[in-house]
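So the structure is just underneath, and the comments pick up after that.
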Amino acid sequence: MRLFKMAVLTTLTVSTLSFAASEGDGFGNSYFGTNAGSSLSSGAIENTLIGVDSGMSLSTGRRNTFLGTKSGASNSVGDNNTFIGAWSGYYNEGNRNTFLGAYSGYSNTAGSDNTFIGNESGYNLDNSMGNIFIGSLSGRNVDSGDYNVMIGYMAGYSNINGSNNVFIGYKSGFHANSVSGSVFIGPFAGANATRSNTLYIANNDTNPPLIYGEFDTGLVRVNGNIEANWEGNLNSNTKRMLILKANNVNTNKKSDVAIALENTREAFTWLLKTFESSKGFIITKYNTGGFEFHLKNPTNDYRNVELVLGNGARCTSTGQWLNASSREYKENIKELDGKKALEAFHKLRPVTFNFKRDKDKELMVGFIAEEVPDIVATKDRKSLNALEIVALLTKVVQEQEKVINKQKEEIEKLKKSLEEIRAIKEQLSKMELILTSLYSGNVNFIDVIAERYSASK
């Protein structure tokens, strides 16, 4: 014998239950609840109204589904709306809206094509279209913004009249009043943003966002380390890990690409940039109007690479270092004082040494920067300029050459004087012989004079 239990319906209260299928209150309408669909007219078609006062003002609207107390209560002519939740879409007169949640889309009047899911989502929206709010209080105070996507609890809460935004995450864009064209991703991302056309990727509102960008200026800022990793056979090909391109459509102007290294605290920026095809790659300080140095390879041959400094010095493709020495780079040009050069020369102390970091301990010849005289010393006294030493030695040699030339002239004069003295001595010797002969009576004076006269002819 089987025992059967029966459920007993103790209370059933139906205020209004109607299924209209003909003229009078429209066609294909279903309404259930006190005052639900109480104003339906013959123009109303295929509406489903469930809940106290749901769709109570609907007269000619079509294909609406209102579920919940006072859902769509003020809607009279709006079509194709779906409102689920107490007071959802209460003031709606727009079309093709989907509101799910208590008070969702509450203030919407003429706005159309909106989708709100969550308690009080899109609560204040009045006359806007194409918005998607998902999450309790998402887009809560949006008034007149269009085409926004706000996903997350209180996402875009205070964005009153911004448009074309995408906010994803808890309280993303929370205080971003009147911000438009922005993308905020992450909890609190862009919560305090005031600028439109910005990108925030973050997970809090106290630290700088991990990624910040400006769509209108093309700026992208990453507040962290960027690592590019590629696992492959590097022996078979070179992998380009990062490519920055500039495509200048104006064929009359050159277009360079740069990477900026900026120290915002000290307010200075360095640039690494291309510098025309013939001049290659340069490194320069921003806004200096020049460059510190650049690498150039005009023929695409690695053997033609040349390093050029902004002061004119360069290392040639053959490996020769050439210092800048043109008059156009210099000023206050004066002749080096010979006496000072000689004094400095005597203070130079040539030494032999090897560098501490040199594992091979190769013996070298040179000077100690801290010991050289001031005239050839650098400010930090840690290095030396070989050309300055050469210039000093050149001046010393020139001064020595002047001394030597002067001594040569004096020697020549002395030699000439010596020759003259020798000639005089010879004449004196001859005269002495003549005089001696005269006094001795061995020589006829007249004959001597005649002999001298004949010799003079």
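Some observations on this one:
- Consider the stretch 274-287 and keep the residues that are in a loop (DSSP other than H, G, I, E, B) and surrounded by 12 or more Cβ atoms within 10 Å (Cβ to Cβ). The one that is modelled with the lowest pLDDT is PHE275.
- Residue tally, condition surrounded by 12 or more Cβ atoms within 10 Å (Cβ to Cβ) and at pLDDT 95 or above, over the stretch 211-237: 5
- Of the residues making up the stretch 87-98, those that are surrounded by 20 or more Cβ atoms within 10 Å (Cβ to Cβ) and either in contact (Cβ under 8 Å) with a residue 24 or more places away in the chain or hydroxyl-bearing (Ser, Thr, Tyr) (or both) are SER88, TYR90, GLY94, THR98.
- Hey, THR318 exposed (fewer than 12 other Cβ atoms within 10 Å of the Cβ) and in the same structural domain as ILE283 (by TED's automatic domain parsing) or not: yes
- Criterion (modelled with pLDDT of 70 or more, in contact with a Leu (Cβ under 7 Å, 6 or more places away or on another chain) and among the aliphatic types (A, V, I, L, M)) met by exactly one of LEU295, LEU271: LEU295
- Flag for ALA377 being surrounded by 10 or more Cβ atoms within 10 Å (Cβ to Cβ) and in contact (Cβ under 8 Å) with a residue 12 or more places away in the chain: no
- Test result for ALA191, closer than 20 Å to PHE116 by Cα, surrounded by 15 or more Cβ atoms within 10 Å (Cβ to Cβ) and touching a strand residue (DSSP E or B) at 6+ places or on another chain (Cβ under 9 Å): no
- Among the residues of the stretch 30-52, those identified as buried (at least 24 other Cβ atoms within 10 Å of the Cβ) and either of a type outside the set (Ser, Thr, Tyr) or under 16 Å from TYR90 (Cβ atoms) (or both) are GLY33, ALA36, GLY37, LEU40, ALA44, ASN47, LEU49, GLY51.
- Number of residues in the stretch 315-346 that are basic (Lys, Arg) and farther than 15 Å from ALA391 by Cα equals 2.
- Of the residues PHE167, PHE184, PHE116, the single one that is in a strand (DSSP E or B) and more than 22 Å from ILE211 (Cα to Cα) is PHE116.
- Check on GLY145, free of Cβ contacts under 8 Å to residues at least 60 places away in the same chain and surrounded by 19 or more Cβ atoms within 10 Å (Cβ to Cβ): yes
- Test for GLY72: is it in contact with a strand residue (DSSP E or B) (Cβ under 8 Å, 6 or more places away or on another chain), at pLDDT 85 or above, surrounded by fewer than 20 Cβ atoms within 10 Å (Cβ to Cβ) and not charged (D, E, K, R): no
- Hits in the stretch 88-116 - residues which are within 21 Å of ARG63 (Cβ to Cβ), of a type in the set (A, V, I, L, M, F, W, C) and more than 41 Å from the chain's Cα centre (by Cα): PHE99, LEU100, ALA110
- Only a single item in (1) more than 17 Å from TYR200 (Cβ to Cβ); (2) free of Cβ contacts under 8 Å to residues at least 24 places away in the same chain is not met by ASN165, and it is number (1).
- The single condition among (1) farther than 20 Å from ARG221 by Cα; (2) assigned to a loop (DSSP other than H, G, I, E, B); (3) not hydroxyl-bearing (Ser, Thr, Tyr) that PHE133 does not satisfy is (2).
- Within the stretch 310-343, considering residues that are at pLDDT below 75 and touching an Asp or Glu at 6+ places or on another chain (Cβ under 7 Å), the one farthest from VAL372 (Cα to Cα): SER317
The values are calculated or read from the model by the stated rules, or taken from the named source; none is laboratory data. Computed from a predicted model, the values in this text were never measured in an experiment. Every residue, glycine as well, gets a Cβ built from its backbone with ideal geometry; the counts of neighbours run over all protein chains shown.
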